[in-house]
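One structure is given here, and the rest of the page talks about it.
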Amino acid sequence: MPRQRLTPEQRRAQLLDVAATLFAAQPYEDVTMEEIAERAGVSRALLYRHFPGKRELFAALYAQVAGQLLASTRVDPAETFTEQLTEGLDAHIGYFAANRHTVLAANRFLAGDRLIQTIITDELDALREKLLGALPVTDARNRTAVSGVLKSWLVFVQVLCLDWLVEETCTREELRDVCIGAVVGALRPLLDEDPAPEWGAGR
């Protein structure tokens, strides 16, 4: 069967799709460039022409994922703050659950890799800016305080979700609600307007 001819952009997308499947199915260290090339139906030389190594391929994949997850957290004035948080957290937790090996590789196996960590840090910074835009922040001093809380909260969510991937001690919905409750409680003392009046103590 003749090899399908694709444009460079199409081939790169295909290789990333194949890599995404393999990295999700098994630990990072068990995935090889040879296996990716074989599954994609290409030569190793062609694979290496697009990605110089497994680290660079994984980084390109994770950058793509980070962009998609970032897009899932929208700032929509028609929705409440908690509705926007729910949508974004559901997307993140859903991806984490379906791609456990990929997420653990990025955050633990490759925790010291500057390229991977830059991707993660950039996504967290962009998420913080989006969340800031959805809150009733009144002045520069207030913005700095709220930004600091959001930065710490995003790290809290990251650590909590990683621990949950290792041992699921609660449901996805409970995990999401713990995350929402944490940020709502942390922000209330800093804001003149309650960011989530519908999120009461009885939840």
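Restricting attention to segment 46-57, the residues that are without any contact (Cβ under 8 Å) to a residue 40 or more places away in the chain, in a helix (DSSP H, G or I) and open to solvent by less than 30 Å² (accessible area, probe 1.4 Å) add up to 2. Which one is surrounded by the most Cβ atoms within 10 Å (Cβ to Cβ) among residues in segment 98-129 that are free of Cβ contacts under 8 Å to residues at least 40 places away in the same chain and polar (S, T, N, Q)? Top of the filtered list is GLN117. Tell me which residues, restricted to segment 16-45, are open to solvent by less than 30 Å² (accessible area, probe 1.4 Å) and farther than 20 Å from ASP113 by Cβ. Across segment 16-45, the qualifying residues are VAL18, ALA37, ALA40, VAL42.
The residues of segment 146-170 that are within 21 Å of THR73 (Cβ to Cβ) and among the aliphatic types (A, V, I, L, M), listed by number, are VAL146, VAL149, LEU150, LEU154, VAL155, VAL157, VAL159, LEU160, LEU162, LEU165. With respect to being open to solvent by 40 Å² or more (accessible area, probe 1.4 Å), at pLDDT below 90 and part of a helix (DSSP H, G or I), ALA71 fits the description.
Within segment 153-203, the set of residues being assigned to a helix (DSSP H, G or I), free of Cβ contacts under 8 Å to residues at least 24 places away in the same chain and not hydrophobic (A, V, I, L, M, F, W, C) comprises ASP163, GLU173, GLU174, GLY181, GLY185, ARG188, PRO189. Yes or no: THR82 open to solvent by less than 50 Å² (accessible area, probe 1.4 Å), under 24 Å from the mean Cα position of the chain (by Cα) and at pLDDT below 90? So THR82 does not fit the description; no. Can you list residue pairs whose Cβ atoms sit under 7 Å apart, with the first residue in segment 32-45 being in a helix (DSSP H, G or I) and the second being basic (Lys, Arg)? Count only pairs 6 or more apart in sequence or on different chains. Once the first residue is in a helix (DSSP H, G or I) and sits in segment 32-45, its partners that are basic (Lys, Arg) give MET33/ARG44; MET33/LYS54; GLU34/ARG44; ALA37/ARG44.
Taking the numbered list (1) within 21 Å of ASN99 (Cβ to Cβ); (2) crowded, with 18+ Cβ neighbours inside 10 Å in turn, VAL166 passes all entries but (2).
The values are calculated or read from the model by the stated rules, or taken from the named source; none is laboratory data. This is a predicted model, so every value here is computed, not measured. For neighbour counting, all protein chains shown are included, and Cβ atoms are generated from backbone atoms with ideal geometry for every residue, glycine included. The accessibility values were calculated without ligands, DNA or RNA, using every heavy atom of the protein model including side chains. Shrake-Rupley method; radii C 1.70, N 1.55, O 1.52, S 1.80 Å.
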